[in-house]
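What follows is a single structure, written as structure tokens, with notes after it.
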Amino acid sequence: MSTFSAPKGTYDLLPPDSATVLAVREALAAPLRRAGYGYVETPGFEHVELFSRGVGESTDIVTKEMYTLTTKGGSQLALRPEGTASVLRAALQANLHRAGGLPVKLWYSGSYYRYERPQAGRYRHFSQVGAEALGTEDPALDAELIILAADAYRSLGLGGVRLLLNSLGDRECRPAYRASLQEFLRGLDLDEETRARIEINPLRVLDDKRQDVQRQLVGAPMMRDHLCEACKEYHERVRELLTAAGVAFTDDERLVRGLDYYTRTTFEFVHDGLGAQSAVGGGGRYDGLSEMIGGPPLPSVGWALGVDRIVLALRAEGVELPLPANTQVFAVPLGEEARSELFALVTELRRSGLAADFAYGGRGVKAAMKAANRSGARFAVVAGERDLAEGVVQLKDLESGDQEPVTRDGIAAELVRRLG
Ligand code: ATP
Ligand code: MG
């Protein structure tokens, strides 16, 4: 134990669990690569203004959850709480939307920071894999992203992920709906903070998790009944494309991303094995965001999937991912003279593409064999002075216990043949 421990709401990723996390990130990224998404990496912090405008002044993320700091030079920065605003900022800055054809398709993977109340599945430092398709309004693009996420969850062997789907309308139909919702909400018995929300961001009230609020919301006007023809048609097309792809969904008229520039398609992936923190991913269309951060009109759609919670979902379902082999061969020298020779062999094996490890520290043979077994290696290569004088090493199968001499010169090729 050191004097220090990881800050509240954070945790360290250590072997063997860390291998699962790498495998999850890889599984989430693989469908994106196959669909033409290019990898993007942005800084871990940005100007605070990007998020207050790009995520929204009225969101919990901006009002309560952001880690902000003032630099020695006086700049106001924030640790990134989410990925979309940064990715769009980067694409605009590099003029990607002018360089080639649209949409610009990007994916990312990294750490995000929110000052939250820590609990199972809710951390202050967490990991997301995300994707954004910028500059095109096409229901097939919304469907593509949802299908890619659904396929990613399925490729991990997760059976319990459900997709909730809704449409939030657009600049045509949302303002009238928003006004009628406000009128309804003003008549309810709500606390101060929620009343304030009615004026800034009324759709967010629909998302309130409290029982007494939900009870009052029965009979509230719903966006679904106020969609304009274009939005209705767009949403119907997305639904058809999902159905044709075999992606099941539940229409959820309460699902909102309550910002003015979130438009049309909105969705969330939930897993029922996770308790209160059930969202394992979410996203939607944000046709107005580019303009909000000073860019040209650039209708876009994207999602972010929560890696930490996906790992918890795998655990809840008892899914063990097939992980890449750790050590395949473990070298055990018998005595000092054999040490340098077997160390050289380990390097040779690694250069041949095998995962090989060595009994370091010069402890006894018993401890070394124990280490070999603990490493998970299939084979041990054991050799002493006398073996090497005869030009051989002993190849021991750690599963069967069988042992046979193999020439020193031929051992690498033999192991590649058996393990490669
Ligand atoms: P929630 O409703 O659970 O707070 P959110 O709407 O804030 O989620 P998004 O901003 O949509 O979440 O982020 C996408 C995904 O990132 C979520 O679905 C979730 O899986 C994950 N996520 C968000 N916040 C956290 C957190 N504090 N700790 C762990 N994972 C998180
Ligand atoms: Mg949140």
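Inside segment 95-137, residues that are farther than 20 Å from ASP60 by Cβ, assigned to a loop (DSSP other than H, G, I, E, B) and in contact with a Phe, Trp or Tyr (Cβ under 9 Å, 6 or more places away or on another chain) make up a count of 1.
Among the residues of segment 376-397, those that are at pLDDT 95 or above and under 44 Å from the mean Cα position of the chain (by Cα) comprise ALA377, ARG378, PHE379, ALA380, VAL381, VAL382, LEU395, LYS396, ASP397.
Those helices (runs of 4 or more DSSP H) of segment 2-94 in which at least 1 residues are among the aromatic types (Phe, Trp, Tyr), considering only elements entirely within it, cover 48-54. Right, SER167: in contact with a Lys or Arg (Cβ under 8 Å, 6 or more places away or on another chain) and within 25 Å of GLY306 (Cα to Cα) or not? So SER167 passes the test. Here VAL280 does not qualify as away from ligand 1 (no atom under 11 Å from the Cβ), of a type in the set (A, V, I, L, M) and in contact (Cβ under 8 Å) with a residue 40 or more places away in the chain. Checked against (1) modelled with pLDDT under 95; (2) more than 28 Å from GLU57 (Cβ to Cβ); (3) surrounded by 15 or more Cβ atoms within 10 Å (Cβ to Cβ), GLY219 passes all but a single condition, namely (3). On the basis of being loosely packed, with under 14 Cβ neighbours inside 10 Å, within 16 Å of ligand 1 (Cβ to nearest atom) and either basic (Lys, Arg) or in a loop (DSSP other than H, G, I, E, B) (or both), does ARG162 make the cut? For ARG162, the condition - loosely packed, with under 14 Cβ neighbours inside 10 Å, within 16 Å of ligand 1 (Cβ to nearest atom) and either basic (Lys, Arg) or in a loop (DSSP other than H, G, I, E, B) (or both) - is not met. Residue pairs whose Cβ atoms lie under 9 Å apart, separated by 6 or more positions or on different chains, with the first residue in segment 113-139 and at positive phi and more than 8 Å from ligand 1 (Cβ to nearest atom) and the second assigned to a strand (DSSP E or B) and at pLDDT 95 or above, are GLY135/VAL104; GLY135/SER300.
Has segment 32-42 got at least one residue that is under 29 Å from GLU320 (Cα atoms) and either buried (at least 17 other Cβ atoms within 10 Å of the Cβ) or not assigned by TED's automatic domain parsing to the domain that holds LEU92 (or both)? Within segment 32-42, one or more residues are under 29 Å from GLU320 (Cα atoms) and either buried (at least 17 other Cβ atoms within 10 Å of the Cβ) or not assigned by TED's automatic domain parsing to the domain that holds LEU92 (or both). Say we look at segment 169-180 and pick out the residues that are among the basic types (Lys, Arg) and under 17 Å from GLU253 (Cβ atoms); which of these is nearest to the chain's Cα centre (by Cα)? Restricting to residues being among the basic types (Lys, Arg) and under 17 Å from GLU253 (Cβ atoms), the top hit is ARG174. Condition check for VAL62 on (1) at pLDDT 95 or above; (2) within 19 Å of ARG124 (Cβ to Cβ); (3) within 16 Å of ligand 2 (Cβ to nearest atom): one failure, at (1).
With respect to (1) away from ligand 2 (no atom under 16 Å from the Cβ); (2) touching a strand residue (DSSP E or B) at 6+ places or on another chain (Cβ under 8 Å); (3) at pLDDT 95 or above, the lone exception for ARG171 is condition (3). The set of residues in segment 181-197 that are farther than 16 Å from ARG254 by Cβ and either in the same structural domain as SER58 (by TED's automatic domain parsing) or assigned to a helix (DSSP H, G or I) (or both) comprises GLN182, GLU183, ARG186, GLU192, GLU193, ARG195, ALA196. Condition test on GLU291, is it touching a Pro at 6+ places or on another chain (Cβ under 9 Å) and free of Cβ contacts under 8 Å to residues at least 12 places away in the same chain? No, not satisfied.
Figure legend. Inter-residue proximity from segment 314-342: first residues within 13 Å of TYR360 (Cα to Cα), second residues hydroxyl-bearing (Ser, Thr, Tyr), beta-carbon distance below 9 Å, spacing 6+ or different chains. Indicated pairs: PHE330/SER375; PRO333/SER340. Give the residue that is nearest to ALA196 (Cα to Cα), with candidates limited to residues of segment 47-59 that are more than 14 Å from ligand 2 (Cβ to nearest atom) and of a type outside the set (Ser, Thr, Tyr). Looking at the filtered set, the residue picked out is GLU57. Within the set LEU28, LEU79, the sole residue that is within 16 Å of ligand 1 (Cβ to nearest atom) and over 15 Å from the mean Cα position of the chain (by Cα) turns out to be LEU79. Inclusion of ARG339 among residues that are surrounded by 15 or more Cβ atoms within 10 Å (Cβ to Cβ) and not assigned by TED's automatic domain parsing to the domain that holds TYR113 is warranted. Considering (1) buried (at least 17 other Cβ atoms within 10 Å of the Cβ); (2) within 16 Å of ligand 2 (Cβ to nearest atom); (3) at pLDDT below 95, the lone condition that GLU82 does not fulfil carries the number (3). Look at (1) under 15 Å from PHE249 (Cβ atoms); (2) free of Cβ contacts under 8 Å to residues at least 60 places away in the same chain and you find that ILE146 fails only one, number (2). Only one entry of PRO296, PRO324 meets the criterion of being at pLDDT 95 or above and within 30 Å of LEU32 (Cβ to Cβ), and that entry is PRO296. Which condition number in (1) within 18 Å of the chain's Cα centre (by Cα); (2) away from ligand 1 (no atom under 16 Å from the Cβ) is the one that ALA143 fails? The one condition ALA143 does not meet is (1). Total residues in segment 303-361 satisfying the condition of being away from ligand 1 (no atom under 16 Å from the Cβ) and among the β-branched types (Val, Ile, Thr): the figure is 6.
The values are calculated or read from the model by the stated rules, or taken from the named source; none is laboratory data. Treat the numbers as computed from the prediction; the structure is a model and nothing was measured. All Cβ positions, even for glycine, are placed from backbone atoms using ideal geometry, and neighbour counts span all protein chains on display.
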